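**Q** My questions will all concern the structure given below.
Laboratory data are not the source of any read-out in this text; all were calculated from the coordinates shown. As the structure is a computational prediction, the values presented were derived from the model and not from experiment. When we count neighbours, we look across all protein chains shown, and the Cβ atoms used for this are built from the backbone with ideal geometry, even at glycine.
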Amino acid sequence: MNLFSQLAKKLNLTHDPAPPRPGLTLCLLQRRLERYTTERLNAAMQAAWGRAYDRTTFFGMNLDDENGLIKFNELYIPIYYHEHRLGAEELGASSLPGWADHSAFSRIDFVPGGEGLPTSEARHAFCGFIGLLAVELANELTTAFFYKEDGVFLRRDRLTREMILASDKSFDPHSAA
């Protein structure tokens, strides 16, 4: 049983007929690129997920200002920095709303092994999980959040923050758009 299946079982997630999606990509659109320091990543993780730093199972790190990496138990979650606007590859069929104007973005990728995210409930659980981190990392340079696979843009504002924080174990980006 892969790690995701174990987590899904613990969260009491059931199977539904929705087709699996391979992973989850959340972009933080920024007026100017901010490369998160190790200290900032660790503080955001602790605030988002309510756990104390642990140098072997729960930490974030800046990788020479090129990328970032988060370790959460057995999960490794990379953060990539891009000094350009979202392009056609990232946008897919989505169009950029005017309020999401940006010149750079940070991309958080969650790529599960095995089946991907096999249920809507599982997908929503990880949208909330990664969303909590994103709202803790966001600041005045952040204009919006973009859930790539869902094609959903969310404003970085108080309402979005409150919705994600209140989502508990499940957040559907479509419900907030």
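**Q** Under 10 Å, Cα contacts only: if you run a Gaussian network model on the chain, which one of Gly23, Gly151, Gly87 comes out with the highest mean-square fluctuation?
**A** Of the options given, Gly87 has the highest mean-square fluctuation.
**Q** Taking N as the number of residues in the chain, what value does Rg over Cα atoms divided by 2.2 N^0.38 Å take?
**A** Details: Rg = 15.4 Å, N = 177, 2.2 N^0.38 = 15.7 Å.
Ratio of Cα Rg to 2.2 N^0.38 Å: 0.98.
**Q** Of the options Leu154, Ser120, Gln46, report the single residue whose Cα projects farthest towards the positive end of the charge dipole of the chain (beta-carbon charges: Lys, Arg +1; Asp, Glu -1).
**A** Farthest towards the positive end: Gln46.
**Q** Please give the net charge around Ala138, taking every other residue with its beta carbon less than 15 angstrom from that of Ala138, where Lys and Arg add +1 and Asp and Glu add -1. The partial results should precede the final answer.
**A** Working: positive: Arg31, Arg32, Arg35, Arg40, Arg107, Arg155, Arg156, Arg158, Arg161; negative: Glu34, Glu136, Glu140, Asp157, Glu162.
Surrounding charge for Ala138 is +4.
**Q** Stick to the Cα atoms of the range 43-119, pair each with every other, and give me the Kirkwood hydrodynamic radius in Å at one decimal. Mind showing how you got there, number by number?
**A** On the way: mean 1/r = 0.0675 Å⁻¹.
Kirkwood radius, the range 43-119: 14.8 Å.
**Q** Given a 10 angstrom Cα cut-off, can you work out which residue in Asn67, Asn42, Asn139 is the most mobile in a GNM of the chain?
**A** Evaluated over the chain, the most mobile residue of the options is Asn139.
**Q** P(r) of the range 73-174 in 10 Å steps, Cα pairs, percent per bin?
**A** Taking every Cα pair in the range 73-174, the percentages come to 14, 48, 34, 4.
**Q** Please work out the Cα center distance from the range 150-169 to the range 81-137, rounded to the nearest Å.
**A** Cα centroid to Cα centroid, the span is 12 Å.
**Q** Still on this model: From the backbone phi of the range 123-136, what are the Karplus-calculated ³J(HN,Hα) couplings (6.51 cos²θ - 1.76 cosθ + 1.60, θ = phi - 60°) in whole Hz, Gly and Pro given as x?
**A** For the range 123-136, the Karplus curve yields 4, 5, 4, 6, 4, x, 4, 6, x, 4, 5, 4, 5, 6 Hz.
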